[in-house]
Amino acid sequence: MKAYSLHATHRMKRFARVSVLTAGIAAALALSSAAARAQDGERAHLGVDRFGTFLSWAWTDHGHHGHELGADLDIGSVFSPKLRLAVGLNYFHADIDRRDHLAQPVDGTFRDFSVHAEASYEIVRIGRLGPYVGAGVGVHWRGSHINNDIDDTARLYRGAVIGGDFFGGATFALTSSRRYSLYAEGRRVEAQNVERSLARVGVIIRFR
């Protein structure tokens, strides 16, 4: 009986220590979150917030000389001002880098017009610098223009497919109000036959 009582006492002490530690961590996170919101003057909200436009240089699977341009519309944040949502339009174009059954280079180009939705999370804010990571999903409408297409290579670029985006980068605010910012990022697009890795630079205009 005495041994059981001591065991129960030890369990209660461990539970108390874990409870205090958990409460301390929760309080610290809450204070940190509140301080971050107070510092940035931002709160999670939905609504058109920012507009961005960009140009990308591409390293393309089965292609070369690839470039992409487009625009994104930030539609607000959820749960935290650091977790942002956006929708956008992209246009990509590249030369085909494939060979036909005669081992001759395929003479042509392919293109990809896509619409996407994505979420990004600002990891930390250091002065005017804000590194972030994110992911998204999109619909890709593909097409091509090929001369003397003896193998019907164009079949690889017909129709629409669903694809995913994975990216990371950083924003740099040009003003203390963060109304105008520049950003640079690396991005990987996974969509059948139009896969690519991108180096992107762009500008962001904040409305509020």
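The values are calculated or read from the model by the stated rules, or taken from the named source; none is laboratory data. Since the model is a prediction, treat every value here as computed from it, not as a measurement. So basically every Cβ, Gly included, is an ideal-geometry build from the backbone, and we count neighbours across all protein chains shown.
Couple of notes before you dig in:
- Within region 99-139, the set of residues being within 15 Å of residue 71 (Cα to Cα) and of a type outside the set (A, V, I, L, M, F, W, C) comprises 112, 114, 116, 118, 136, 138.
- Residue count, region 30-66 (criterion: at pLDDT 85 or above and out of contact with any strand residue (DSSP E or B) (no Cβ under 9 Å at 6 or more places or on another chain)): 0
- On the stretch given as region 165-200, residues that are without any contact (Cβ under 8 Å) to a residue 60 or more places away in the chain and farther than 13 Å from residue 59 by Cα total 21.
- Residues (outside any strand (DSSP E or B) and in contact (Cβ under 8 Å) with a residue 24 or more places away in the chain) located in region 142-153: 148, 149, 150, 151, 153
Condition check ((1) under 27 Å from residue 82 (Cβ atoms); (2) touching a Phe, Trp or Tyr at 6+ places or on another chain (Cβ under 6 Å); (3) among the charged types (D, E, K, R)) across all residues:
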residue: 141; (1), (2), (3): no, yes, no
residue: 152; (1), (2), (3): no, no, yes
residue: 170; (1), (2), (3): yes, no, no
residue: 179; (1), (2), (3): yes, no, yes
residue: 188; (1), (2), (3): yes, yes, yes
residue: 191; (1), (2), (3): no, no, no
